[in-house]
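Data first, discussion second: the structure below is written as structure tokens.
The values are calculated or read from the model by the stated rules, or taken from the named source; none is laboratory data. In this text the structure is predicted, and so the values were computed from the model without any measurement. Reconstructed Cβ throughout: ideal geometry from the backbone, glycine too, with neighbour counts over all protein chains shown. With ligands, DNA and RNA removed, areas are computed over all heavy atoms of the protein, side chains included. Shrake-Rupley method; radii C 1.70, N 1.55, O 1.52, S 1.80 Å.
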There are 2 protein chains.
Amino acid sequence: MQQSRKRILIIGGVAGGASCAARLRRLCEHCEIVLIDKGEHVSFANCGLPYFVGDVIKEEQKLLVATPDLFQNRFNIEVLVQHEVTAIDRQAKTVSVTNLQDGSETEMHYDALVLSTGAKAIRPPLEGIDLPGIYVLRTIPDSHKLKAAAKNAKRAVIIGGGFIGLEMAENLAALNLQVTLIEMAKQVMPPLDPEMAAYVKSCLEENNIALRLGCAVESFQQMDNGLVVHYAGGQVETDIVLLAIGVTPASELAQQAGLEVGARGGIKVNKTMQTSDPSIWAVGDVVEVEDFVSKLKVTVPLAGPANRQGRIAAGAILETFNPALCRKLSFRGVQGTAVCQVFGLTIALTGTSEKALQRSGITNYQTIYLHPGHHVSYYPGAQPIHLKLIYRRTDGRVLGVQAVGKAGVTRRVDVIAMAIQMGATVFDLEESELCYAPQFGGAKDPVNMAGMIAANNLRHDLELADWHQLHDTSHVLLDVRSEGEFAGGHIDNAVNIPLEQLRKRIDELSSEEEIWLVCGVGQRAYYAVRLLMQRGFKVKVLSGGMQTYRSFVNAGLIDSQTITPAGGQ
Amino acid sequence: MQQSRKRILIIGGVAGGASCAARLRRLCEHCEIVLIDKGEHVSFANCGLPYFVGDVIKEEQKLLVATPDLFQNRFNIEVLVQHEVTAIDRQAKTVSVTNLQDGSETEMHYDALVLSTGAKAIRPPLEGIDLPGIYVLRTIPDSHKLKAAAKNAKRAVIIGGGFIGLEMAENLAALNLQVTLIEMAKQVMPPLDPEMAAYVKSCLEENNIALRLGCAVESFQQMDNGLVVHYAGGQVETDIVLLAIGVTPASELAQQAGLEVGARGGIKVNKTMQTSDPSIWAVGDVVEVEDFVSKLKVTVPLAGPANRQGRIAAGAILETFNPALCRKLSFRGVQGTAVCQVFGLTIALTGTSEKALQRSGITNYQTIYLHPGHHVSYYPGAQPIHLKLIYRRTDGRVLGVQAVGKAGVTRRVDVIAMAIQMGATVFDLEESELCYAPQFGGAKDPVNMAGMIAANNLRHDLELADWHQLHDTSHVLLDVRSEGEFAGGHIDNAVNIPLEQLRKRIDELSSEEEIWLVCGVGQRAYYAVRLLMQRGFKVKVLSGGMQTYRSFVNAGLIDSQTITPAGGQ
């Protein structure tokens, strides 16, 4: 098993790079492993930074998952922090390294090179972007600067309503700052479809976050008493600004070295994370990966895939040194499973979104909405989960899910993440057997219910109406809720026949026109659809009922003037 | 689509029966559906009864998921409560029904009959079993009786340490009763393997539940001041007794009618829940089903499968009336996914247990233990999840999981339940992409970690030692924790070389003898195994480390005298 002593250099010591280094050592005691990072720390908890700023995590020490000493003592891995690799000579298999503390330069040879250079915060070239008071949050030093600035500030503007933007809105609000969030898109949380993001919007508003959606920032201006952020159509004064627009692969080094890079700037890699140069691997936020569902090339800055990629690269590198070391691991692509919590609301998703499908021109899909409790209603404390499931119309293959709620959200999204990974259909969700006790779910879990609704649809027991066409097509809108519920607020032009009266009052309906059914969350409308279908009516359900209607209105997808009485539920 | 008006009788109106009735109506407006129950209620929340007794659920009304009126008005289903079916005439297709309120008897014809007669509490024929003060808990009237008795009681004995026994221990303790739990097995929660049940045992003891494990109850005796429960080796005085020994299928009616019944008393059914009589179906606790993993025939009293079986039977019945109504649904068997919470501890499991495999004589399996936090340690409030994963040795197919912890337990067990349903291997768990944010998990989720450990094992990067053989085989026991941890408590005869010193002190080890490695939870031992394996040592890891050792000691599987210093951790 003794090999010639090979040297593996890893550039970038967070997540993917650190995982790769540790895995290399576990698989090979005999190679030399050097981890190089231009920052002050390796293996720090990037995802914890918003909570460090917000004082939820109180000690910086906690963010250091592994120190250079631990790498040295436990793994016999040399760590060079504050060292920057400035160039790669692929012919000579060397890198040029600058010691950022003393400015000295050296050349280092490698047998294998791993690029884990990560992603960098996007800084658009706007007027005033370099003014003091404008921050990003990628590193521990970033977090110290932001934390210090927040202490003396009363107002903050966050630019970008994605994961970091939302987490920071909560954390800055917790420090008693008045927070304005500006987002260029018309919704927060761009990975979500807009009607699902509407729940997040409401939550932010309830927690006094001022939202400027659909607003592109144009410039920053220094004033005596802070900064002014100008955006198309308005301006807002603030003490500090956080740029959380997103990140882009930090692939300059790879590009300089002539490695192949994709359209979004991510380094191209094969299934074992090997780049276009067979002696160079790349892992983490800097690479381009395949979307597991859509098969499109994407860049996805997520810690989970980065860690797994690091492990996979380690095995692949050692296999090139010694084929007997093959571990038969390959990267399967990303599903985009992600979660964010803001003001007690959990937002989680996996697989593809409807808008991603539309962008790809894919139409062979169906969506359903449901709003089950996270556990049975008879046990105290049930919280609704707002859930959108997307599946392939031809065969029921699960394509994606988005869920928002105060409890039990990650559990259902994770179950569906596993289902998607395994190629499950909605018929599998329908028959899944999940944990049930009164505190933990229902005899029909929300996952079962999603599967049952979708499977009913694919078995043609339940035709679905398209919310987007609510006011654009000709149909009778029949609301089967109780008279009291109907009076409290209903869609314009809806007629009301409570489900319990439907059999007796069926003569009031015409079998000529298509009838769209709506109720509170979709269940009674489903019962009504079954009743009417069997009597020869052309009927469809508005999935998710008035609960979903409100999310479409709140997202601006349906005119808010269509509810009677105005402001009714 | 018009059919001749068929009559479907359903005997038993909870879970499976109620689901079947509602589904029948959704699929068929034209048939006559009659739901008959000998009790006072249909469709009540059986699983909520312990919490109703414990005043967590305060209103009885909440337990009534659907009333006879709702069945009538919403579904046009006739409900006969307090009516008992006393006989089935399969030739005539009639049942004899007794009205329990007035004693009158009628015959009712059926085109299809559904038996959803459930299960009944086991009452062993012990001396004194019928004394006042001895209760069971299956129905709402049962819960009223127990609740009233508990109000005037100071002491309770619960016989049986399964789901209901544990839930009732918590709920009676919450009512300030002093609770003794007597269980015939040497462990609580018989579906768990004993070393996993040991965590539950500790939790019960910490919450002042007196445990009598391995104690068979022999008789009950009335005293002036309560009851005495006699068991082999002792006795305990009490005010009330709850029998929670388990349930057995209530299949007498089916047996009288000559339907085929399995060895455990469950009615035999095919994949569409049809019995040996093609006009009779059976669903829920009264049927025998196939274990999805072991393929053995079992009876499993769980609400989730009962509900799904009811749906499936409904479609199958209608298909016999009209083949065009085929919904292509069939029951896939049960995985035994279950959960129980006691004093804040969640216990969840799915798939097979090690003892079930041993009972079946199956040896082609491997187990691992891990104790990850339910989220990253750097975010406040991380709680350990004690997890045991069982997989097939030949191909890595996941066979079962057991998990115990204060948070995040159902989520991981549900993900693995879906994995088992889809035939996943540990290599799939290794590569799964689950929700991660600091509050919700880790970049490597506990599911990933379980998969990685098992996959490492199957790739022969990590050989596993057998805890059961700890003191029965010849090996060097090497503890790689720090000197301080070692001094605080270690296994007898273990030698200590902290991981960080292992490379330098390797000459202290002999390559002649097998070395078993132990650490805190298994991670450092894994690092040490890799280091030593590559240097030619014969090494194995004691999976789960000292944490697992303590669970084996606590379960009585390893002598408690083997730790030095005594009482050390």
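Before moving on, here are some points about what is shown:
- Partner chain coverage, peptide A:440-449 - average Cβ within 10 angstrom: 5
- Highest mean packing comes first when the peptides A:308-321, B:480-493 are listed by Cβ atoms within 10 Å, giving A:308-321, B:480-493.
- With its label point put 7 Å out from Cα toward Cβ, residue A:7 sits 9.1 nm from the same residue's point in the other copies, in order from shortest.
- Normalised by the number of residues in chain B, the average gap of Cα pairs under 8 Å and 6 or more apart makes the relative contact order 11 percent.
- With the highest mean first, a sort of the peptides B:458-470, A:28-40 on other beta-carbon atoms found within 10 angstrom per residue produces A:28-40, B:458-470.
- Beyond 17 Å, the tail of the calculated P(r) for segment A:1-124 holds 60 percent of the Cα pairs.
- Computed on segment B:62-190, the Cα convex hull volume stands at 192 Å³ per residue.
- Based on Cα contacts under 8 Å between residues 6+ apart, segment A:118-188 shows a relative contact order of 26 percent.
- Here the relative contact order of segment B:319-390, from alpha carbon pairs under 8 Å that lie six or more residues apart, stands at 20 percent.
- Ordering of B:266-275, A:175-184 by burial proxy (mean other Cβ atoms within 10 Å per residue, highest first): B:266-275, A:175-184
- Hydrodynamic estimate: the Kirkwood radius of segment A:71-131 over Cα pairs, inserted into Stokes-Einstein at 10 °C and 1.306 mPa s, corresponds to D of 110 µm²/s.
- Taking each of A:268/A:355; A:406/B:444; A:268/B:504; A:271/A:406 in turn, the alpha-carbon distance tops 30 angstrom for A:268/B:504; A:271/A:406.
- Sites residue A:144 and residue B:463 - FRET efficiency at Förster radius 60 Å, r taken between beta-carbons, to 0.05: 0.85
- Computed from label points 7 Å out along Cα-Cβ, the spacing between residue B:559 and residue B:76 is 7.5 nm.
- Counted charge near residue A:105, where neighbours are those whose Cβ lies closer than 14 Å (Asp, Glu -1; Lys, Arg +1): -3
- Ratio of Rg to Rh over segment B:138-261 (Cα coordinates, Kirkwood Rh, two decimals): 1.03
- Ordered from longest to shortest, the equivalent ellipsoid semi-axes for the protein assembly as shown are 52, 41, 26 Å, each the square root of 5 times a Cα gyration tensor eigenvalue.
- Sorted from closest to farthest, the other copies place their residue B:216 label points 8.2 nm away, with each point set 7 Å from Cα along Cα→Cβ.
- Expressed as a fraction of 2.2 N^0.38 Å, the value expected for a compact globular protein of N residues, the C-alpha radius of gyration of segment A:345-450 is 1.05.
- The trypsin sites (Lys or Arg not before Pro) found in segment B:93-197 that occupy coil by DSSP, while having at most 15 further C-beta atoms within 10 Å, are B:154, B:186.
- Calculated [θ] (222 nm, deg cm²/dmol) that DSSP helices of n ≥ 4 give over chain A, each run adding -39,500 (n - 2.57): -7500 deg cm²/dmol
- Lys pairs, segment B:20-165 - Cα-Cα below 19 angstrom, 8 or more residues apart or on other chains: 9
- Per-residue mean of foreign Cβ neighbours for A:422-434 is 6 (Cβ atoms of other chains, 10 Å radius).
- For residue A:373, nonlocal amide neighbours, meaning residues 5 or more places apart or on other chains whose placed amide H falls under 5 Å from its own, are A:385.
- Helix A:545-554 and the longest principal axis of the Cα set of chain A meet at an angle near 60°.
- Cα pair distances in segment A:201-246, grouped into 5 Å bins until the bin that holds the longest one, percent each: 5, 19, 24, 25, 20, 5, 1
- Share of carbon and sulfur in the accessible heavy-atom surface of chain A [1.4 Å probe, %]: 48
- Helix axis angle, B:523-533 relative to chain B longest principal axis, alpha carbon, degrees: 50
- Between copies, the label points at residue A:145 (set 7 angstrom from Cα along Cα-to-Cβ) are spaced 7.4 nm, reported in nanometres from shortest to longest.
- From the C-alpha gyration tensor of segment A:171-215, square roots of 5λ in Å: 19, 11, 8
- Remark: the protein assembly as shown carries 37 Å² of accessible area per residue (probe radius 1.4 Å; ligands, DNA and RNA excluded).
- For chain A, the C-alpha radius of gyration divided by 2.2 N^0.38 Å, with N the number of residues, is 1.10.
- Angle between chain B longest axis and helix B:16-27 axis [Cα atoms, degrees, rounded to 10]: 60
- The phi torsions of segment A:470-482, fed into the Karplus equation with coefficients 6.51, -1.76 and 1.60 and a -60° offset, translate into couplings of 3, 10, 10, 10, 8, 6, 8, 9, 10, 9, 9, 6, 5 Hz, rounded to whole numbers, with Gly and Pro shown as x.
- Near the amide H of residue A:33, within less than 5 Å, lie the amide hydrogens of A:8, A:78, all on another chain or at least 5 residues away, with H placed in the peptide plane.
- The magnitude of the dipole of chain A, with charges of +1 and -1 set on the Cβ of Lys/Arg and Asp/Glu and taken from the Cα centre, is near 1300 debye.
- Stokes-Einstein D (µm²/s) once Rh is taken as the Kirkwood radius of segment B:244-346 over alpha-carbon pairs, at 25 °C in 0.890 mPa s: 169
- Peptide A:69-76 has a mean shielding of 3, counted as Cβ atoms of other protein chains within 10 Å of each residue's Cβ.
- At an R0 of 60 angstrom, the distance between the Cβ atoms of residue B:185 and residue B:67 translates into a FRET efficiency of 0.90.
- Overall Cα dimensions of segment A:408-532 - principal axes, largest extent first, Å: 46, 30, 25
- Global geometry of segment B:319-369, whether rounded, prolate or oblate, following the gyration tensor of its Cα atoms and the 1.5 cut on a/c: oblate
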